[in-house]
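Reading through the structure tokens given below for one structure.
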Amino acid sequence: MSSTLNAYDEYLAAIERGKCLCKELQRFVREPLTYPAMQSLYNVEMNPLRINTKRNIQTALAQCGLSTSEMIYIDIRNIGKGEYDDAAYANHFDGKSGVVVCSENYKGRDENGPGQRLWPSEILWQSWLVAVKKQKSKPSDLHVVVRFRVVNETTMRLIWESARRSTCTMEGGKGMREYTNWDQGYHAILGSPNGGSTMRMLLDHKREIGYRTVERVVVLEEDKLALDKPQARSFLILLSPRRTPPTRIPRPPATARKTKPLHGWPPLKGKGKIGLK
């Protein structure tokens, strides 16, 4: 019984985190942030994505009517690590289609010390910049972020709790769920560790991506997975169209503004004298 209560409390806390992140993403104001260049701290390997992996991703994206064309992978390792060592961060990108696929992001594999380590969200962002430069696209073309087969236990539980407790705009027979901001599952998944990391990237670089917000969260169906417990599922974070910040209305010049006496006092007479009787 206590585990059920703990899972429910975890779910409610994630909803609140997700709501706060979404509220912040709606705002047009954001302090500029400066991070070291990824290439100065890590080894960066980039190549076309292997055909089997590309096929799996295309199958997943097809559930939402999305497709990819030229996908590349970017692996990030600590300096001194070889190509046969596990990458700390391994992600896939299609700059022309605006698709980012988060495959493996393990902070535990990142051996850089304090002050020499970037957040996983910043690694993802700078990898995206490398990809769009290579594929002659723009950072603001980002359209969807895929968290592919998530193995984080907290996120897995929150996806499961959302399927059990939340309303949704669309439901499939093999675990597929589509959530919008009217659904608790939308906020719970965005408030999860994996969803929150993606939201941090969007928040840190909201101007560069055109002030987009999250339009939908879609948990994908999996033929091989049952629906009776938390399991490693993929989910998509689909972004809204670009937004334009509102233009500030200029204040009228001082000569055009009319001033009124304060607190009903008569206007000034002479230099510094108040007309009192």
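The values are calculated or read from the model by the stated rules, or taken from the named source; none is laboratory data. Just so it is clear, the structure is predicted and the values come from calculations on it, not from any experiment. A quick note on method: Cβ atoms are made from the backbone with ideal geometry, for glycine too, and the neighbour counts reach across all protein chains shown. Protein only, heavy atoms only, side chains kept; ligands, DNA and RNA dropped before computing areas. Shrake-Rupley method; radii C 1.70, N 1.55, O 1.52, S 1.80 Å.
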Of the residues that sit in the stretch 100-153 and are more than 16 Å from the chain's Cα centre (by Cα), closer than 19 Å to Lys81 by Cα and polar (S, T, N, Q), which one is modelled with the lowest pLDDT?
Gln116
How many residues of the stretch 99-148 are among the β-branched types (Val, Ile, Thr) and part of a loop (DSSP other than H, G, I, E, B)? The answer is 0
The stretch 25-59, residues that are open to solvent by 50 Å² or more (accessible area, probe 1.4 Å), touching a Lys or Arg at 6+ places or on another chain (Cβ under 8 Å) and closer than 29 Å to Glu83 by Cα:
Asn43, Met46
Residue hits (the stretch 69-89; closer than 19 Å to Pro139 by Cα and surrounded by fewer than 21 Cβ atoms within 10 Å (Cβ to Cβ)) are Ser69, Glu70, Ile72
Do we find a residue being touching a Cys at 6+ places or on another chain (Cβ under 8 Å) and at pLDDT 95 or above anywhere in the stretch 65-72?
no
Only residues in the stretch 12-41 that are farther than 28 Å from Ile76 by Cα and modelled with pLDDT of 95 or more count as the first member; pair them with residues that are open to solvent by 60 Å² or more (accessible area, probe 1.4 Å) and part of a helix (DSSP H, G or I), Cβ under 8 angstrom, at least 6 apart or cross-chain, and list the lot.
Ile15/Gln184
Just need a number here: residues in the stretch 150-169 that are part of a helix (DSSP H, G or I), among the β-branched types (Val, Ile, Thr) and open to solvent by 30 Å² or more (accessible area, probe 1.4 Å).
1
Complete set of residues in the stretch 17-72 that are in contact with a Pro (Cβ under 6 Å, 6 or more places away or on another chain) and assigned to a helix (DSSP H, G or I):
none
Answer residue from the stretch 133-177, given it is among the hydroxyl-bearing types (Ser, Thr, Tyr) and free of Cβ contacts under 8 Å to residues at least 60 places away in the same chain and is farthest from Ala13 (Cα to Cα) among those:
Ser137
